[in-house]
1. Take HIS59, HIS89 and order them by how many other Cβ atoms sit within 10 Å, fewest up front.
2. May I ask for the distance between the Cα centers of segment 52-109 and segment 153-228, given as a whole number of Å?
3. As a footprinting exposure proxy, order LEU93, LEU173 by other Cβ within 10 Å, with the fewest listed first.
4. Going by average Cβ neighbours within 10 Å, how do the peptides 191-202, 159-170 rank, with the highest at the top?
5. Residue by residue through segment 134-139, what is 3J(HN,Hα) from phi via Karplus (6.51 cos²θ - 1.76 cosθ + 1.60, θ = phi - 60°)? Round to whole Hz and write x for glycine and proline.
6. I need TYR119, TYR83 ordered by Cβ neighbour count within 10 Å, fewest first.
7. Mark the label point 7 Å from the Cα of GLU132 along Cα→Cβ and return the residues of segment 55-85 whose backbone N is within less than 11 Å of it.
8. Assuming 0.36 nm per residue, please report the length gained on full extension of the stretch LEU186 to ARG60 beyond their Cα-Cα distance.
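What follows draws every value from the coordinates through simple rules; no lab data is involved. Remember, predicted model here, so these are calculated numbers, not experimental data. Please note: Cβ atoms are built from the backbone with ideal geometry, for glycine as well, and neighbour counts cover all protein chains shown.
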Amino acid sequence: MSGFCIATNLIIFSGVVWPKSLTFGMADKFDFMQHKENNQGKLIVFSAPSGSGKTTLVHRLMKNPRLNLAFSVSATSRPKRDYEEHGRHYYFLSPDEFKRKIAENAFVEWEEVYPDHFYGTLRSEVERLLSEGKNVIFDIDVKGGMNIKKYFPGRTLSVFVQAPSLEELEKRLRSRNTESEDKIRLRLDKAREEMQYAPQFDIMVINRDLDATERELTRILEDFLNKE
Ligand code: 5GP
């Protein structure tokens, strides 16, 4: 991959869309992150193999009021897990409902991420959050991430989060205790495939340490959100 590393070796910039020097966010630019009047919020796409820490990072960043982020709740046809809530983690649809929405062109992007498990970003969800003056953050698979970037080219930052190694990824997936052996294998195969896409993202983060990664990402997001 072309690019360069900064700070603690956590971040590699692909050089595709992040052309200028980094001037990290400052308090006096805070107002640029509010977009209620002009509906010109920005989009931040997080994609990564499961187990990379992406979802935890997204949740942490969302707690930062300076970033003015709102989460794009995706629709899915996969079964709901015990701890999940409709409308908070996903909009849970039956496969037929999902297919009907595809036919109605209700999605900005959708993917059959695993066999019979559809996932997609609802156009209505993104429009609602932008109209509320928010910056929208997405936790979606790599192909979906690239499609969001194509759909909103000028205002999207795409971030690929990677675990330090496949071994570490496997360890994290097992420690979750939520998936069967078959599902873990499936996710690891998918992770290998997804890693090939990392160079196409604006930024790649190797998540060795959550706190350090969160700090780096906060600076990068502030800078991106403050850019005209
Ligand atoms: P999980 O079943 O673990 O919640 O998610 C499985 C995968 O689907 C993850 O990689 C997640 O990022 C991805 N995903 C979640 N929502 C969407 C979406 O709206 N579109 C796409 N393309 N992928 C999604």
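1. Details: HIS59 12, HIS89 17.
Least to most surrounded, the residues fall as HIS59, HIS89.
2. About 17 Å separates the Cα centre of segment 52-109 from the one of segment 153-228.
3. Values: LEU93 18, LEU173 22.
Sorted ascending by nearby Cβ count, the order is LEU93, LEU173.
4. On the way: 191-202: 17.3, 159-170: 19.0.
Result, highest mean first: 159-170, 191-202.
5. 9, 8, 9, 10, 10, 10
6. On the way: TYR119 21, TYR83 7.
Lowest count first: TYR83, TYR119.
7. 69-73
8. Details: separation 126, 0.36 × 126 = 45.36 nm, distance 2.73 nm.
Difference between extended and current length: 42.6 nm.
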